[in-house]
Amino acid sequence: MKEYQEIIDRAFIASENAYVPYSNYQVGACVVTKDNKYFIGANVENASYGLTNCAERNAIFQAYSNGYRQDDIEAIAIVSKGKTLATPCGACRQVLVELLNQHTPIVLSNKAIEKVTNIEELLPMSFTKEDLE
Ligand code: THU
């Protein structure tokens, strides 16, 4: 997927920094903004397992922490070396539905398989801030 090769490559590099003493499953992510800035993330686990932060949440929080918002984000890649694609967990889908636009490309890769999806496809009928109005 030539169009997304740069963020896929950067996400794989980020995955090398994953802190995964419990699962030994490295995940990397990379957000690219419309003004061509890159923000990476890797999964960081904890002995209290539920406190683990996933790679994609770390990457998108980095982008937001640097002042970028959903309309500024071009795409996000999420990568792993498993047999199957690492698709975002339920918690990450809820975070992504608020912090990405519905059709922002979410690029998944494990080198063997590559797929482009979006949060509307991953989390239909979601609960969002509009529901609180
Ligand atoms: N994980 C991610 O970082 N992103 C995903 O999309 C799937 C799961 C992490 C969480 C945990 O550190 C490890 O993968 C195994 O669940």
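Read-outs: derived from the displayed coordinates by stated rules, not from any lab. Just so it is clear, the structure is predicted and the values come from calculations on it, not from any experiment. Cβ placement follows ideal geometry from the backbone for every residue including glycine, while neighbour counts extend to all protein chains displayed.
Cut-off is 10 Å between beta-carbons; in what order do R69, R57, R93 appear when sorted fewest neighbours first?
On the way: R69 11, R57 21, R93 16.
Fewest-to-most ranking of R69, R57, R93: R69, R93, R57.
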Original post:
By count of other Cβ within 10 Å, fewest leading, how are S126, S80 ordered?
Top reply: S126, S80
**OP:** Would you kindly calculate the translational diffusion coefficient of the chain, applying Stokes-Einstein with the Kirkwood radius from alpha carbon pairs, for 25 °C and a viscosity of 0.890 mPa s, and quote it in µm² s⁻¹ without decimals?
**Re:** 167 µm²/s
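How would V20, V32, V79 line up from fewest to most surrounding beta-carbon atoms within 10 angstrom? Don't skip to the end; give the middle numbers.
Values: V20 15, V32 21, V79 29.
Going from least to most buried by this count: V20, V32, V79.
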Original post:
Among the DSSP beta bridges whose two residues both lie in the chain, what percent are antiparallel, rounded to the nearest 5?
Top reply: 75 percent
Original post:
For K83, which lysines qualify as cross-link partners when the Cα separation must be under 29 Å and same-chain residues fewer than eight apart are set aside?
Top reply: K2, K111, K115
